[in-house]
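Notes follow the structure.
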Amino acid sequence: MTSRINLHLNLHENMTKLELEQLVTHYIISILTTGVLTKADTVGEGEFEKWLKILEGKSYLLYHGYFVTRLPSAKEMDWKWDKVRSSGENWFRSSKPWCHLDQTHFGHQSLVRKLSDRLSEMIEEM
(Lines give C-alpha, C1' and ligand atoms only; values in the text may rest on other atoms or scores of the structure.)
Protein backbone atom coordinates (compact mmCIF):
# COMPACT_ATOMS: atom_id res chain seq x y z
CA MET A 1 0.00 0.00 0.00
CA THR A 2 1.54 3.25 -1.11
CA SER A 3 0.55 5.93 1.29
CA ARG A 4 1.63 9.40 2.22
CA ILE A 5 0.94 10.81 5.63
CA ASN A 6 0.24 14.53 5.74
CA LEU A 7 -0.09 15.88 9.21
CA HIS A 8 -1.14 19.49 9.75
CA LEU A 9 -0.79 20.96 13.21
CA ASN A 10 -1.84 24.32 14.53
CA LEU A 11 1.28 26.19 15.68
CA HIS A 12 -0.48 27.00 18.91
CA GLU A 13 -0.81 23.32 19.77
CA ASN A 14 1.83 22.15 22.18
CA MET A 15 2.35 18.64 20.85
CA THR A 16 5.45 16.84 22.01
CA LYS A 17 7.51 14.63 19.74
CA LEU A 18 6.24 11.56 21.63
CA GLU A 19 2.61 12.59 21.15
CA LEU A 20 3.25 13.16 17.44
CA GLU A 21 4.91 9.73 17.11
CA GLN A 22 1.97 8.11 18.89
CA LEU A 23 -0.50 9.87 16.59
CA VAL A 24 1.36 8.76 13.44
CA THR A 25 1.75 5.21 14.80
CA HIS A 26 -1.98 5.02 15.55
CA TYR A 27 -2.76 6.29 12.05
CA ILE A 28 -0.50 3.69 10.40
CA ILE A 29 -1.91 0.88 12.50
CA SER A 30 -5.48 1.91 11.71
CA ILE A 31 -4.71 1.92 7.97
CA LEU A 32 -3.02 -1.50 7.96
CA THR A 33 -5.25 -3.38 10.39
CA THR A 34 -8.40 -5.38 9.84
CA GLY A 35 -10.18 -5.98 13.13
CA VAL A 36 -11.65 -9.33 14.13
CA LEU A 37 -14.08 -9.56 17.03
CA THR A 38 -14.30 -13.17 18.10
CA LYS A 39 -16.70 -15.25 20.18
CA ALA A 40 -19.82 -13.32 19.21
CA ASP A 41 -21.83 -16.19 20.64
CA THR A 42 -20.61 -15.32 24.15
CA VAL A 43 -21.81 -11.69 24.18
CA GLY A 44 -24.31 -11.39 26.97
CA GLU A 45 -27.38 -9.23 27.24
CA GLY A 46 -26.43 -5.63 27.97
CA GLU A 47 -22.90 -6.04 26.55
CA PHE A 48 -23.84 -5.50 22.92
CA GLU A 49 -23.78 -1.68 22.86
CA LYS A 50 -19.99 -1.38 23.18
CA TRP A 51 -19.50 -3.88 20.32
CA LEU A 52 -22.04 -2.06 18.19
CA LYS A 53 -20.09 1.21 18.60
CA ILE A 54 -16.97 -0.54 17.32
CA LEU A 55 -18.82 -2.08 14.36
CA GLU A 56 -20.37 1.27 13.45
CA GLY A 57 -16.95 2.98 13.53
CA LYS A 58 -17.80 5.15 16.53
CA SER A 59 -14.91 3.82 18.61
CA TYR A 60 -11.60 2.12 17.81
CA LEU A 61 -11.92 3.14 14.17
CA LEU A 62 -10.02 1.04 11.62
CA TYR A 63 -9.83 1.86 7.92
CA HIS A 64 -10.71 -1.70 6.88
CA GLY A 65 -13.31 -2.12 9.61
CA TYR A 66 -14.08 -5.10 11.77
CA PHE A 67 -15.33 -8.60 11.18
CA VAL A 68 -17.21 -10.71 13.69
CA THR A 69 -16.83 -14.46 14.13
CA ARG A 70 -18.09 -17.06 16.55
CA LEU A 71 -16.61 -20.27 17.85
CA PRO A 72 -18.00 -23.48 16.43
CA SER A 73 -19.70 -25.60 19.06
CA ALA A 74 -18.07 -28.81 20.28
CA LYS A 75 -20.48 -30.74 18.05
CA GLU A 76 -19.55 -28.61 15.01
CA MET A 77 -15.84 -29.28 15.51
CA ASP A 78 -16.35 -32.74 13.98
CA TRP A 79 -18.14 -31.38 10.91
CA LYS A 80 -16.64 -30.57 7.51
CA TRP A 81 -15.61 -26.94 7.03
CA ASP A 82 -18.42 -26.12 4.57
CA LYS A 83 -21.06 -27.28 7.03
CA VAL A 84 -19.42 -25.36 9.91
CA ARG A 85 -19.25 -22.20 7.78
CA SER A 86 -22.89 -22.55 6.78
CA SER A 87 -23.91 -23.10 10.38
CA GLY A 88 -22.04 -19.93 11.41
CA GLU A 89 -23.69 -17.87 8.70
CA ASN A 90 -27.11 -19.17 9.75
CA TRP A 91 -26.31 -18.39 13.39
CA PHE A 92 -25.60 -14.72 12.60
CA ARG A 93 -28.75 -14.43 10.46
CA SER A 94 -30.97 -15.87 13.20
CA SER A 95 -29.39 -14.76 16.51
CA LYS A 96 -30.34 -11.53 18.22
CA PRO A 97 -29.00 -8.88 18.13
CA TRP A 98 -26.72 -9.85 15.21
CA CYS A 99 -29.60 -10.75 12.88
CA HIS A 100 -30.70 -7.10 12.76
CA LEU A 101 -27.36 -5.86 11.39
CA ASP A 102 -25.68 -5.84 7.99
CA GLN A 103 -24.32 -9.37 7.53
CA THR A 104 -21.40 -8.49 5.23
CA HIS A 105 -18.87 -8.46 8.08
CA PHE A 106 -20.12 -11.53 9.93
CA GLY A 107 -18.75 -15.05 9.79
CA HIS A 108 -15.51 -16.68 8.78
CA GLN A 109 -16.26 -16.59 5.06
CA SER A 110 -16.62 -12.78 5.06
CA LEU A 111 -13.31 -12.49 6.89
CA VAL A 112 -11.54 -14.89 4.51
CA ARG A 113 -12.88 -12.97 1.50
CA LYS A 114 -11.67 -9.62 2.91
CA LEU A 115 -8.21 -10.94 3.81
CA SER A 116 -7.87 -12.54 0.38
CA ASP A 117 -8.80 -9.27 -1.33
CA ARG A 118 -6.33 -7.31 0.84
CA LEU A 119 -3.53 -9.78 0.11
CA SER A 120 -4.22 -9.50 -3.62
CA GLU A 121 -4.11 -5.70 -3.41
CA MET A 122 -0.82 -5.78 -1.52
CA ILE A 123 0.74 -8.15 -4.05
CA GLU A 124 -0.35 -5.93 -6.94
CA GLU A 125 1.24 -2.90 -5.24
CA MET A 126 4.62 -4.60 -4.97
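The values are calculated or read from the model by the stated rules, or taken from the named source; none is laboratory data. All values derive from a computational prediction rather than experimental measurement. Quick reminder, even Gly has a Cβ in these numbers, built from the backbone with ideal geometry, and neighbours come from all protein chains shown.
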The conditions are (1) surrounded by 12 or more Cβ atoms within 10 Å (Cβ to Cβ); (2) at pLDDT 85 or above; (3) not charged (D, E, K, R), and H100 fails exactly one of them. Which is it? (1)
Return yes or no: is K80 surrounded by fewer than 15 Cβ atoms within 10 Å (Cβ to Cβ) and closer than 22 Å to R113 by Cβ? yes
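Results for (1) aliphatic (A, V, I, L, M); (2) within 21 Å of R85 (Cβ to Cβ); (3) assigned to a helix (DSSP H, G or I), shown as yes or no for each residue.
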residue: L20; (1), (2), (3): yes, no, yes
residue: L23; (1), (2), (3): yes, no, yes
residue: H26; (1), (2), (3): no, no, yes
residue: I31; (1), (2), (3): yes, no, yes
residue: K50; (1), (2), (3): no, no, yes
residue: G57; (1), (2), (3): no, no, no
residue: Y60; (1), (2), (3): no, no, no
residue: Y63; (1), (2), (3): no, no, no
residue: F67; (1), (2), (3): no, yes, no
Starting from residues that are hydrophobic (A, V, I, L, M, F, W, C) and more than 13 Å from A40 (Cα to Cα), keep the ones in the range 102-126 and report whichever is farthest from the chain's Cα centre (by Cα). M126
Give the range 40-65 a look and list any residue that's among the small types (G, A, S) and at pLDDT below 90, or say none. G44, G46, G57, S59
Among the residues of the range 106-114, is there at least one that is surrounded by fewer than 11 Cβ atoms within 10 Å (Cβ to Cβ), of a type in the set (D, E, K, R) and out of contact with any Ser or Thr (no Cβ under 7 Å at 6 or more places or on another chain)? no
State the number of residues belonging to the range 96-115 that are without any contact (Cβ under 8 Å) to a residue 60 or more places away in the chain and closer than 20 Å to F48 by Cβ. 12
Check E89 against each of (1) closer than 18 Å to V43 by Cα; (2) out of contact with any Phe, Trp or Tyr (no Cβ under 8 Å at 6 or more places or on another chain) and name the one condition it does not meet. (2)
Within the range 61-73, take every residue that is surrounded by 14 or more Cβ atoms within 10 Å (Cβ to Cβ) and aliphatic (A, V, I, L, M) and give me the one that is farthest from T104 (Cα to Cα). L62
Please pick out the residue among R93, R118, R85 that is in contact (Cβ under 8 Å) with a residue 12 or more places away in the chain, part of a helix (DSSP H, G or I), of a type in the set (D, E, K, R) and touching a helix residue (DSSP H, G or I) at 6+ places or on another chain (Cβ under 7 Å). R85
The range 18-60: number of residues that are free of Cβ contacts under 8 Å to residues at least 12 places away in the same chain, farther than 22 Å from H105 by Cα and either surrounded by 12 or more Cβ atoms within 10 Å (Cβ to Cβ) or touching a Gly at 6+ places or on another chain (Cβ under 8 Å) (or both): 1
